[in-house]
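*Asks:* Below: one structure in structure tokens.
The values are calculated or read from the model by the stated rules, or taken from the named source; none is laboratory data. The structure displayed is predicted, hence computed values, not measured ones. Here Cβ is always computed from backbone atoms with ideal geometry, including for glycine, and neighbour counts include all displayed protein chains.
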Amino acid sequence: MKRFAVLTSGGDAPGMNAAIRAVVRCGLANGWEMYGVRNGYAGLIAGNFVTMGPRDVGGIMQKGGTVLGSTRSTEFTTIDGQRKAIRALNSNGIDGLFVIGGNGSQTGSFMLSKLNFPVVGIASTIDNDLYGSDITIGVDTALNIALEAVDRLKVTASSHQRAFLLEVMGRNCGYLALMTALAGGAEAVIIPEVEISPEEIAESLNRSYEKGKQHAIVIVAEGAAYNAERLSAYFKIHHDRLGFDLRIAILGHIQRGGVPSAYDRILASRLGAGAVDAMAEGKTGVLTGWFGSKVGWTALETVVNTVKEIDKSLIELAKTLD
Ligand code: F6P
């Protein structure tokens with residue numbers, strides 16, 4: 001009987017558990033023996049495998065995080081670490097590996113596939129910065145958490161006629177910030193991909209008050225040159241000229257641990273099933289992603305060597321709509 005293993009790696013994302021469940025149950029339906037690897041690539045190097053039956057993945061879909069655990073393993077980035085991982089896979093008789101994760105994790109998948117081990121990736125990161133999937137598992141839930149924060153801040157901002165700065169995650173990618181601004185009706189957005197000066201931000205805030213708004217919300221991506229702390233420090237130093245007190249709220253990891261939305265559960269279930277299909281057909285060394293309204297596959301080599309662009313025209317749309 002063929003044996004396959006699944007691991008989650010990098011930052012946890014809401015929906016990872018639904019993806020684990022889909023991989024395990026679809027694999028079992030194919031007549032395979034299924035295993036989980038605890039704690040990502042670190043667990044793989046240590047040979048930390050557990051058998052996964054249908055009941056082991058029962059009741060996990062509604063949980064945030066990952067029941068298998070995750071790590072960011074530095075050892076695995078070395079060729080020695082990768083060879084140890086392959087030895088652990090071979091000595092446990094594993095025929096193929098599923099990797100649920102984002103950029104760093106799929107770079108790991110690519111390394112294993114270059115060493116001729118069959119790997120199929122599943123696109124999962126709240127950052128949505130992974131080439132090879134329009135949207136990744138966890139984005140929808142993380143966005144909804146950010147939106148709830150915007151709605152709450154607006155209440156206080158309106159009550160006190162204050163300006164707020166909300167910093168969201170996303171590493172070097174502005175997707176989460178831009179979509180939060182668009183869906184939350186923010187007055188300005190700051191993302192790493194587009195340069196903007198504090199003076200321009202002050203102008204946007206002034207325009208909002210001139211329009212008669214009672215609040216002003218700026219969404220800033222953590223990876224922007226002017227992140228929340230730097231921007232608020234600049235506004236403090238130049239207070240007399242810019243004329244605003246910016247209060248800051250940094251969402252940080254609060255954004256990652258939510259109960260997965262319906263969208264994320266469905267996306268994860270479909271990508272997990274698609275990954276099993278690819279493995280069954282011997283289509284390995286690929287990332288399973290979402291294109292339009294369908295599952296699709298992209299070579300891991302392309303995935304790790306291509307930057308996913310964001311649609312900058314949406315900045316203009318956010319401005320028009322604010
Ligand atoms: O990649 C997901 C993410 O949450 C990024 O948005 C963030 O920059 C990073 O992980 C934080 O990493 P860690 O949880 O290791 O601090």
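*Asks:* Out of curiosity, is Ile310 touching a strand residue (DSSP E or B) at 6+ places or on another chain (Cβ under 8 Å), under 19 Å from Leu176 (Cα atoms) and touching a residue at least 40 places away in the same chain (Cβ under 8 Å)? Even if it seems obvious, please write down each step before you answer.
*Replies:* On the way: touching a strand residue (DSSP E or B) at 6+ places or on another chain (Cβ under 8 Å): no; under 19 Å from Leu176 (Cα atoms): yes; touching a residue at least 40 places away in the same chain (Cβ under 8 Å): yes.
No.
*Asks:* Which ones in the range 66-116 are aromatic (Phe, Trp, Tyr) and over 20 Å from Thr288 (Cα atoms)?
*Replies:* As a first pass, look at the range 66-116 and keep what is aromatic (Phe, Trp, Tyr): 76, 98, 110.
If the condition is that a residue be aromatic (Phe, Trp, Tyr) and over 20 Å from Thr288 (Cα atoms), then Phe76 is the only one that fits.
*Asks:* Being over 24 Å from Gly65 (Cα atoms) and not acidic (Asp, Glu), is that true of even one residue in the range 248-257?
*Replies:* Residues of the range 248-257 over 24 Å from Gly65 (Cα atoms): 248.
Those still in the list that are not acidic (Asp, Glu) too: 248.
Within the range 248-257 (the criterion being over 24 Å from Gly65 (Cα atoms) and not acidic (Asp, Glu)), the answer is yes, since at least one residue qualifies.
*Asks:* Also, quick follow-up: Among the helices (runs of 4 or more DSSP H) lying completely within the range 208-322, list those that include at least 2 residues that are surrounded by 13 or more Cβ atoms within 10 Å (Cβ to Cβ). Don't jump to the end; show me each part of the working.
*Replies:* Details: elements: 228-237, 239-242, 262-280, 300-305, 313-321.
In the range 208-322, 228-237, 262-280, 300-305, 313-321 are the helices (runs of 4 or more DSSP H) which contain 2 or more residues that are surrounded by 13 or more Cβ atoms within 10 Å (Cβ to Cβ).
*Asks:* So, in the range 36-52, how many residues would count as being of a type in the set (S, T, N, Q) and either more than 11 Å from Ser9 (Cα to Cα) or without any contact (Cβ under 8 Å) to a residue 12 or more places away in the chain (or both)?
*Replies:* 2
*Asks:* From Glu33, Glu75, grab the single residue that is of a type in the set (D, E, K, R) and under 25 Å from Ala278 (Cβ atoms). Even if it seems obvious, please write down each step before you answer.
*Replies:* Numbers: Glu75 fails: under 25 Å from Ala278 (Cβ atoms).
After ruling out the rest, the residue left standing is Glu33.
*Asks:* For residues that are in contact with a Gly (Cβ under 7 Å, 6 or more places away or on another chain) and surrounded by fewer than 24 Cβ atoms within 10 Å (Cβ to Cβ), tally how many sit in the range 114-128.
*Replies:* Adding up the residues that qualify gives 1.
*Asks:* Here's a follow-up. Checking the conditions here, which among Val67, Val24, Val37 is surrounded by 16 or more Cβ atoms within 10 Å (Cβ to Cβ) and under 19 Å from the mean Cα position of the chain (by Cα)?
*Replies:* Criteria check complete, one pass: Val67.
*Asks:* So the check is Cβ under 6 Å with 6+ separation or different chains; which pairs have a first residue in the range 247-264 that's in the same structural domain as Leu153 (by TED's automatic domain parsing) and closer than 17 Å to Ile217 by Cα and a second one that's hydrophobic (A, V, I, L, M, F, W, C) and within 10 Å of the ligand (Cβ to nearest atom)?
*Replies:* Leu251/Val168
*Asks:* Name the pairs: first residue in the range 192-212 and in contact (Cβ under 8 Å) with a residue 12 or more places away in the chain and in the same structural domain as Leu178 (by TED's automatic domain parsing), second residue among the hydroxyl-bearing types (Ser, Thr, Tyr) and surrounded by 15 or more Cβ atoms within 10 Å (Cβ to Cβ), Cβ to Cβ under 7 Å, at least 6 apart or on different chains?
*Replies:* Qualifying pairs under 7 Å: Pro198/Tyr226; Pro198/Tyr234.
*Asks:* Moving on to the next point. How about the range 125-183: which of its residues are in contact with a Ser or Thr (Cβ under 6 Å, 6 or more places away or on another chain), more than 11 Å from the ligand (Cβ to nearest atom) and assigned to a loop (DSSP other than H, G, I, E, B)?
*Replies:* The answer is Tyr131, Gly132.
*Asks:* Among (1) away from the ligand (no atom under 16 Å from the Cβ); (2) among the β-branched types (Val, Ile, Thr); (3) touching a strand residue (DSSP E or B) at 6+ places or on another chain (Cβ under 6 Å), where does Ile190 come up short?
*Replies:* (1)
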